[in-house]
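What follows is one structure encoded as structure tokens, with my remarks underneath.
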Number of protein chains: 2
Amino acid sequence: MEIKRLTELLNEKKYAQIKEMLSEMNSIDLADLLEQFPDDSMVVLFRLISKETAAEVFANMPNDMQQTLISTFTEKELKEIFEDMYMDDTVDILEEMPANVVEQILNVTDKETRSRINELLRYPQDSAGSIMTVEYVDLKKTMTVRQALDKIKKVGIDQETIYTCYVIENKKLLGIVTAKSLMLSDEDTLIETLMETHIISVNTHMDKEEVSKLFHKYHLIAIPVVDTENCMVGIVTFDDAMEVYEDEMNEDISLMAAVQPSDDSYFETSVFNHAKHRILWLLVLMLSATITGTILSSYEKMIASVPLLVSFIPMLMDTGGNCGTQSSTLVIRGIATDEIQFRDLFRVAFKEAQVSLLVGLALAVVNGIRILLMYQDPMLALLLGITLMATVFMAELIGCVLPLLAKKVHLDPAIMAAPLITTIVDTFSIMIYFGVATMLLGL
Amino acid sequence: MEIKRLTELLNEKKYAQIKEMLSEMNSIDLADLLEQFPDDSMVVLFRLISKETAAEVFANMPNDMQQTLISTFTEKELKEIFEDMYMDDTVDILEEMPANVVEQILNVTDKETRSRINELLRYPQDSAGSIMTVEYVDLKKTMTVRQALDKIKKVGIDQETIYTCYVIENKKLLGIVTAKSLMLSDEDTLIETLMETHIISVNTHMDKEEVSKLFHKYHLIAIPVVDTENCMVGIVTFDDAMEVYEDEMNEDISLMAAVQPSDDSYFETSVFNHAKHRILWLLVLMLSATITGTILSSYEKMIASVPLLVSFIPMLMDTGGNCGTQSSTLVIRGIATDEIQFRDLFRVAFKEAQVSLLVGLALAVVNGIRILLMYQDPMLALLLGITLMATVFMAELIGCVLPLLAKKVHLDPAIMAAPLITTIVDTFSIMIYFGVATMLLGL
């Protein structure tokens, strides 16, 4: 609706009206909206966005749109956009741009900013340093609340958050003062008496996933980042932490479905890349499944003499796979939320063993009744009952142990999920099935 | 370490030292810590927490600990705790308590609070109303910044957030003023000129999952909740929205692994409940898999004459299941993040069809080479190549279409995930396999 109206106004060159329409939207909706237009219209629309929001809209755009826009900017425009942007957003953009564009951007920033950007670019890709911003409000402990509020009024407009201020002495972080406590306190109160000294802070090299977990645990708006000498170097704000949290979640879910994770969304990913992200695991799993097939073919004679045996294979394989999926998923989630550690291995395995006995028994009984009704063959019911219980037991154990072992050797536990577990469990369930059949049916 | 030290101090009855230790921790860590102690020590420790943090620690505890504590509280203590608690936390606790405890709590709250609590309890379980709090700062548009700041100083201490204030006239929400704009503005500025009137708000009945998505999209700290007459009734704060977001994520992941979702964590859930959460889907899937088995047994004669055919069944079933898992997971995630809608059905299906051709071809070639090397049988390689391509094609289509259909009929798309898709795909892949075998091998 908005798109249609804007396209009409663009065709009629009614720029004043467009300007008014755009001025009523927030920067995130604007970035979403502009994405719907072809490049040439998008460039025109972007220039009609008010100066104050343009940088924010730009920061919220996908990389390819940013690149298109940069190619149309004059040096002055480029300078304006990047002057209005927060440092962490600038660094995010630079990390995704080709070298010549990076150079173009760095050329228009002033010397001091450039050196700070270069410093930020040096932090390892998944570290707290790589997602932090260096723009925050610093206070002195000898200030009064009134002096602090005056300082905020002077420098606050350029800071990403003013709701948490940092009390610094000789570059060291002494304490934290929230805007709430400043606003609720008497004007003559000393910052020293107001500041919270039990600080939750992170090191520049901490994994950004761990940082995002702290935000979730303590409901933080910002967290201070210190270097190895405990000097304050920046802050991570909650919007960036939320993004990290979502990305990690998506990465885990992809891995659990045997898809190589990617930052691009479904439609953004080309057919070729979709195929690329899926083929590797499919090949590995297909070739592993041939092992199950080879084992199965070694029972050829048994199958030839009791062909009915084959008809239970899908049910056994699926049930084993499903049980393994259930326990591995629960354990992978437990590891991700820090509830389960490697040292809990035996506790988890014992719990899963108990669960598997209950579950296996229920499945064996239901399936036994079905077989008695359909085939009136108690021996067959017994064979499948024993196989089911053993398969479930083994599937749940493998499902809970493998993710913990992966964690121990510093692999992502999420790769030990449904598809891989299923393949492993398949092999064992076939072996159990024909092993038990040999004994029970005397084949 | 802390636990050991505290246990020692408890045994030596050195309460002053314990008090000091506890005073240095924040409420969330305290709640975590107390969880590690047996009930009797936990109750003693809780009484040693300072009055100011006790309510917050209490709000962060699991329900069973809260219940244990309430049973030891005097009426006066109960009153103090619940007076210091925010309304939304109180309601959260009441929703989980047995009726007699609810009565006990309501008895100690004053009449006005009680009627507000009762109102909040009436909102549907998954609605914005059920997670909102009624404690927020309201301003008038005719106020100056100084008057606004004075009002915040007076009422702010009891509000869950003061960083977003709401301009109200005749109960209607006119605009929003952030603490940032108040702190950065001149004292004589009128609120009317400062307030943001393009407001993102939600209705009391909006699904809380949708509310939490707005927080993620717009990086909000709080969102106003209005009733059907557009009157302001409360706010949802970002900590509650984050919790909803996490819960929904966990629910989706559970469903995708065919586990009935539960709010309890892995270790909190008893063996019996673990089994209960898993058995239903396992039974359904096991019985569905018997269909595949029945179809398989109808090819008994073919299997008896070419027993080698059986050995490829695990590979076909696994590959089909994996492809279905991949596409269904990507589509379920796309639906959850609002990227994919039902109207995209054909667009998604077309994309998946293309991906499946690439992937299927690659798998068929690799598998064909393997078969030629192992069995020197081009006909067998051809049979499996065709079957693989058809299976992959069908698996990816089923995998992407079913979640979208579920969405259309208002089921959770996550139930159309790996386990169910695998079972469905299995049946078809067996049919394709033997169908093609009949034609190619002339059986």
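Among residues of region B:359-398 being among the hydroxyl-bearing types (Ser, Thr, Tyr) and either buried (at least 21 other Cβ atoms within 10 Å of the Cβ) or in contact with an Asp or Glu (Cβ under 7 Å, 6 or more places away or on another chain) (or both), the one that is nearest to B:Leu441 (Cα to Cα) is B:Thr387. Residues that are surrounded by fewer than 18 Cβ atoms within 10 Å (Cβ to Cβ), more than 13 Å from the chain's Cα centre (by Cα) and among the hydroxyl-bearing types (Ser, Thr, Tyr) within region B:265-285 comprise just one, B:Ser270.
Restricting to region A:307-353, give me the number of residues that are more than 26 Å from B:Ser288 (Cβ to Cβ) and either of a type in the set (D, E, K, R) or more than 7 Å from chain B (Cβ to nearest Cβ) (or both). I'd like the intermediate steps shown before the answer.
Filtering region A:307-353 for residues more than 26 Å from B:Ser288 (Cβ to Cβ) gives A:334-351, A:353.
When the remaining residues are screened for being either of a type in the set (D, E, K, R) or more than 7 Å from chain B (Cβ to nearest Cβ) (or both), the result is A:335-339, A:341-351, A:353.
Adding up the residues that qualify gives 17.
Output the residues belonging to region A:54-112 that are touching a residue at least 60 places away in the same chain (Cβ under 8 Å) and of a type in the set (D, E, K, R). Matches in region A:54-112: A:Asp88 only.
Can you tell me which of B:Ile105, B:Ile93 is within 22 Å of B:Asn26 (Cβ to Cβ) and open to solvent by less than 60 Å² (accessible area, probe 1.4 Å)?
Numbers: B:Ile105 fails: within 22 Å of B:Asn26 (Cβ to Cβ).
From the options B:Ile105, B:Ile93, the qualifying one is B:Ile93.
Taking the conditions exactly as written (touching a Lys or Arg at 6+ places or on another chain (Cβ under 9 Å), open to solvent by less than 40 Å² (accessible area, probe 1.4 Å) and of a type in the set (S, T, N, Q)), does A:Ser212 satisfy them or not? Spelling it out, it is not the case that A:Ser212 is touching a Lys or Arg at 6+ places or on another chain (Cβ under 9 Å), open to solvent by less than 40 Å² (accessible area, probe 1.4 Å) and of a type in the set (S, T, N, Q).
Tally up the residues in region A:237-264 that are of a type in the set (A, V, I, L, M, F, W, C), over 12 Å from the mean Cα position of the chain (by Cα) and more than 7 Å from every other protein chain (Cβ to nearest Cβ), please.
Initially, region A:237-264 is screened for residues of a type in the set (A, V, I, L, M, F, W, C), giving A:238, A:241-242, A:244, A:249, A:253, A:255-259.
Okay, now just the ones that are also over 12 Å from the mean Cα position of the chain (by Cα), so A:238, A:256-259.
If we keep only those that are more than 7 Å from every other protein chain (Cβ to nearest Cβ) too, we end up with A:238, A:256.
Count: 2.
Filtering region A:282-306 to residues that are more than 7 Å from every other protein chain (Cβ to nearest Cβ) and either more than 12 Å from A:Thr427 (Cβ to Cβ) or not in a helix (DSSP H, G or I) (or both) leaves A:Val284, A:Leu287, A:Ser298, A:Tyr299, A:Lys301, A:Met302, A:Ser305, A:Val306.
Once region A:223-264 is narrowed to residues that are farther than 19 Å from A:Tyr123 by Cα and of a type in the set (Gly, Ala, Ser), the residue that is surrounded by the fewest Cβ atoms within 10 Å (Cβ to Cβ) is A:Ser262. Of the residues making up region A:8-49, those that are surrounded by 15 or more Cβ atoms within 10 Å (Cβ to Cβ) and among the hydroxyl-bearing types (Ser, Thr, Tyr) are A:Ser27, A:Ser41.
Restricting the search to region B:1-49, which residues are within 14 Å of chain A (Cβ to nearest Cβ) and touching a helix residue (DSSP H, G or I) at 6+ places or on another chain (Cβ under 6 Å)? B:Ser27, B:Ile28, B:Leu30, B:Ala31, B:Gln36, listed by residue number.
With respect to the conditions (1) exposed (fewer than 14 other Cβ atoms within 10 Å of the Cβ); (2) at pLDDT below 80; (3) not in a helix (DSSP H, G or I), B:Glu160 lacks only one, and its number is (1).
Of all residues in region A:37-80, those being within 21 Å of A:Ile131 (Cβ to Cβ) and in contact with a Leu (Cβ under 9 Å, 6 or more places away or on another chain) number 5.
Yes or no: A:Leu173 in contact (Cβ under 8 Å) with a residue 40 or more places away in the chain and either in a strand (DSSP E or B) or open to solvent by 30 Å² or more (accessible area, probe 1.4 Å) (or both)? Please lay out each step first, then the result.
Working: in contact (Cβ under 8 Å) with a residue 40 or more places away in the chain: yes; either in a strand (DSSP E or B) or open to solvent by 30 Å² or more (accessible area, probe 1.4 Å) (or both): yes.
Here the answer is yes, as A:Leu173 does meet what is asked.
Scanning for something more than 8 Å from every other protein chain (Cβ to nearest Cβ) and under 14 Å from the mean Cα position of the chain (by Cα), does region A:226-236 turn up at least one residue? Spell out how you get there, then give the answer.
Filtering region A:226-236 for residues more than 8 Å from every other protein chain (Cβ to nearest Cβ) gives A:226-236.
In the following step, the residues that additionally are under 14 Å from the mean Cα position of the chain (by Cα) were identified as none.
Among the residues of region A:226-236, not one is more than 8 Å from every other protein chain (Cβ to nearest Cβ) and under 14 Å from the mean Cα position of the chain (by Cα), which makes the answer no.
Regarding A:Leu380, is this residue more than 20 Å from A:Asn322 (Cβ to Cβ), hydrophobic (A, V, I, L, M, F, W, C) and under 26 Å from the mean Cα position of the chain (by Cα)? So A:Leu380 does not fit the description; no. The test for being in contact (Cβ under 8 Å) with a residue 40 or more places away in the chain, away from every other protein chain (no Cβ under 12 Å) and open to solvent by less than 40 Å² (accessible area, probe 1.4 Å) does not hold for B:Ala406. For region A:327-358, the set of residues classified as open to solvent by less than 50 Å² (accessible area, probe 1.4 Å) and β-branched (Val, Ile, Thr) consists of A:Thr329, A:Val331, A:Ile332, A:Ile335, A:Ile340, A:Val348, A:Val355, listed by residue number.
The values are calculated or read from the model by the stated rules, or taken from the named source; none is laboratory data. Values in this document were obtained by computation on a predicted structure and should not be read as measured data. Note that each Cβ is placed from the backbone with ideal geometry, even for glycine, and that neighbours are counted across all protein chains shown. All accessible areas refer to the heavy atoms of the entire protein, side chains included, with ligands and DNA or RNA removed. Shrake-Rupley method; radii C 1.70, N 1.55, O 1.52, S 1.80 Å.
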